[in-house]
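Notes follow once the structure below has been shown.
Each value in this text was obtained by applying a stated rule to the coordinates, not by laboratory testing. Quick caveat: nothing in here was measured; it's all calculated off a predicted structure. Virtual Cβ from ideal backbone geometry, glycine too; neighbours counted across all protein chains shown.
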Amino acid sequence: MSKPVLLISDLHLPVQPSPLRDAFLAFLAGPARSAETLFILGDLFEYWIGDDAGLVDYAGEAVALRELADSGVRVRLMRGNRDFLVGRLFAKAAALRIVQNGLRLDLAGTPTLLLHGDTLCTDDRAYQRWRRLTHNRLVRRCFLALPEALRRRIAWHARGRSEADKRNKPEAIMDVNAHAVRAAFRRHRVGRIIHGHTHRPADHRVEVDGHPLERIVLADWREQRIEYLVCDDAGCRRASFAAAP
Ligand SMILES: [Mn+2]
């Protein structure tokens, strides 16, 4: 049997030391070593204000990711809505490859689409406007040209606003939109979509045009619940990981 593909997302690793960061390092040195490929589907980091600062803030993670790559595991990183500014310098230091949101691949015999997940949340208009703004090249370039301290203040502010928004918005708005899900299945002609972002881990059965399809939502990482998805010849299943105390 060939080696499995492992998938994780939404670790939201903070800048300050935290048990989650330790758990991630343990995961990279542990279960991840058995993988053929490790996919990180976005929001690995709580925020990312540029590779210059990120490489200092997350030096340990960069080293551990490189060690995993050196051990023969391919590491693929998709940017999320928190760490959409992760760039080439970090990718090089961590010896990983950045993949575009919406990667299509064959997984355990099923054509599969990998997404961060935010593009499916079309009911959240305010967020989609914010996403368009932050994906504007000029906006990005201007932001990255600011002094680090100012970038950090802006990121902190944006993060605070996003947390406040989350508390105020109706629950349904922040989940995926059923039409957007069906459209993605049709456009990419896949039998399975795997994504994170919503922090609502579940295995959904979806019927599109008479075909039974599967949408797997990855779990966000919490100290009490560290979960990853394992896909091999037998299909995809969740596995949990307990880091040593
Ligand atoms: Mn997200």
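Near Ala126, once Lys and Arg are set to +1 and Asp and Glu to -1 for all other residues with Cβ below 13 Å from its Cβ, the sum equals +3. Charged side chains reduced to their Cβ positions (Lys and Arg at +1, Asp and Glu at -1) give region 1-131 a dipole of some 400 debye around its Cα centre. Show log10 I(q)/I(0) for region 144-245 at q = 0.24 Å⁻¹, two decimals, from a solvent-free Debye sum over equal Cα scatterers. Log-scaled intensity ratios, in q order: -1.22. Residues Phe84, Phe241, ranked from the fewest to the most other C-beta atoms within 10 Å, line up as Phe241, Phe84. Here the residues Val139, Val75, ranked from fewest to most Cβ neighbours within 10 Å of their Cβ, fall in the order Val139, Val75. By other beta-carbon atoms within 10 Å, ranking Trp156, Trp48 with the fewest at the front produces Trp156, Trp48. Between Asp106 and Cys142, the simple label model (points 7 Å from Cα in the Cβ direction) yields a spacing of 4.6 nm. Each Lys or Arg adds one and each Asp or Glu takes one away; over the other residues whose Cβ falls under 11 Å from the Cβ of Lys92, this sums to +2. In the chain, the DSSP-assigned H stretches of four residues or longer account for a calculated mean residue ellipticity at 222 nm of -11000 deg cm²/dmol, using -39500 (n - 2.57) per stretch and the full residue count as denominator.
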